[in-house]
Amino acid sequence: QVQLVESGGGLVQPGGSLRLSCAASGIIFSIYDISWYRQAPGKQRELVAIITKGSGTNYADTVKGRFTISRDNAQNTVYLQMNILEPEDTAIYYCNAKLLRADYWGQGTQVTVSS
């Protein structure tokens, strides 16, 4: 059974930092491309960052220079380091693992940026 479990969300003040984790089980983690998506209330889910199986990375323009995605294949875990957080970053953050037709999602973790 494939599981993706996100953690690390919470309430943070503007300008603060959080590190999200996505722990995977039930897949050969190292061959999957892993992405972070987010969905704010009333908005569509959007891609935040992706790290390929070869550790190439790409980011949404809105988070470039503030967020960093990384992976630890030995721990079957992907991280999203989020710095200089803004209220507009408030959303549920989801982890996604994709390989050809295989497409798995976690349950999401809430990030709220507010003073």
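Restricting the first member to region 16-34 and to residues that are of a type in the set (S, T, N, Q), and the second to residues that are assigned to a strand (DSSP E or B), the beta-carbon pairs closer than 6 Å and six or more apart or on different chains are 21/7; 21/77; 21/79; 25/3. Among the residues of region 54-70, none qualifies, meaning not one is under 27 Å from residue 1 (Cα atoms) and among the acidic types (Asp, Glu). Considering region 1-110, the qualifying strands (runs of 3 or more DSSP E), each wholly inside and each with 2 or more residues that are more than 14 Å from the chain's Cα centre (by Cα) and surrounded by fewer than 21 Cβ atoms within 10 Å (Cβ to Cβ), run over 10-12, 102-105. The set of residues in region 2-22 that are out of contact with any Ser or Thr (no Cβ under 8 Å at 6 or more places or on another chain) and on the phi > 0 side of the Ramachandran plot contains only 15.
Since every read-out is calculated from the coordinates, none of them should be taken as a lab result. Fair warning: this is a prediction, and the values are worked out from it, not measured in the lab. Backbone-built Cβ (ideal geometry, glycine too); neighbour counts: all protein chains shown.
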